[in-house]
Amino acid sequence: MTQNRSLNEKAIVGFLDILGYDAIVKKMIDDIEFVKRFDDLMYGITVNMLQKFKNLQLSAITHDKTVDEAYFKKVVDAIKVRFIYDNIIFSLPLSDITFSSQEFDKKTTVLNCIETFFSLISMFSTFFIGKMGSLLRGGISIGSHYESEKDNYLMIFSEAHNKAVRLEREANYPRIILEESLRLREIIYNNRNKIMEAWDEHCSQSSRSKN
């Protein structure tokens, strides 16, 4: 399978570090049964959880006519997860999401993807800590992103990944730091109705004062 990306692509990337992983490896490296169980557990927490997340979200929007079900499936299916040593990397290339739905223009789609991505990371973190008993530290960012996957080779060249790694290093203790622009976009998105109501009220008051 070959996948090539443009360097103009934007992606949301979450970089999570498993705290204490080095000690686990040193202690259990010779226990092959443990390693196999750990492999199965990580697969279940990551790949299987994506499907579980999709099912939960789809069941929640079944009766919500404002949400395009096919669109939402496309968002979740575009999310990739990779487990490399003590790092778990989630990525959502935004070019994989089309803007054909009437409910979502390009700007709203990006904001919706951010909200979905945050929900996924939150669900994953809860599952992981509950199953593994280990804490996580990480960062989530958005930026230019390129990746190439072919045969058994994977290459990631990514501004979003680099920024997420830097945020993880700044965290210092178990937490996940959001890039400021993502946090502000999420605040605006979650409060968009209140913002529009306030703007309408402002326009109405301005109109009355002129009259």
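In the stretch 36-58, the qualifying residues are those that are surrounded by 17 or more Cβ atoms within 10 Å (Cβ to Cβ) and of a type outside the set (A, V, I, L, M, F, W, C), and the one that is modelled with the lowest pLDDT is Q57.
Residue by residue, here is whether (1) within 24 Å of D39 (Cβ to Cβ); (2) β-branched (V, I, T); (3) in contact with a Ser or Thr (Cβ under 9 Å, 6 or more places away or on another chain) holds:
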site: I129; (1), (2), (3): yes, yes, no
site: M132; (1), (2), (3): yes, no, no
site: R137; (1), (2), (3): yes, no, no
site: S144; (1), (2), (3): no, no, yes
site: S148; (1), (2), (3): no, no, yes
site: N152; (1), (2), (3): yes, no, no
site: F157; (1), (2), (3): no, no, yes
site: E168; (1), (2), (3): yes, no, no
site: E179; (1), (2), (3): no, no, yes
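The values are calculated or read from the model by the stated rules, or taken from the named source; none is laboratory data. Model, not experiment: these values are computed from the prediction. Glycine also receives a Cβ, built like all others from the backbone with ideal geometry; neighbour counts cover every protein chain displayed.
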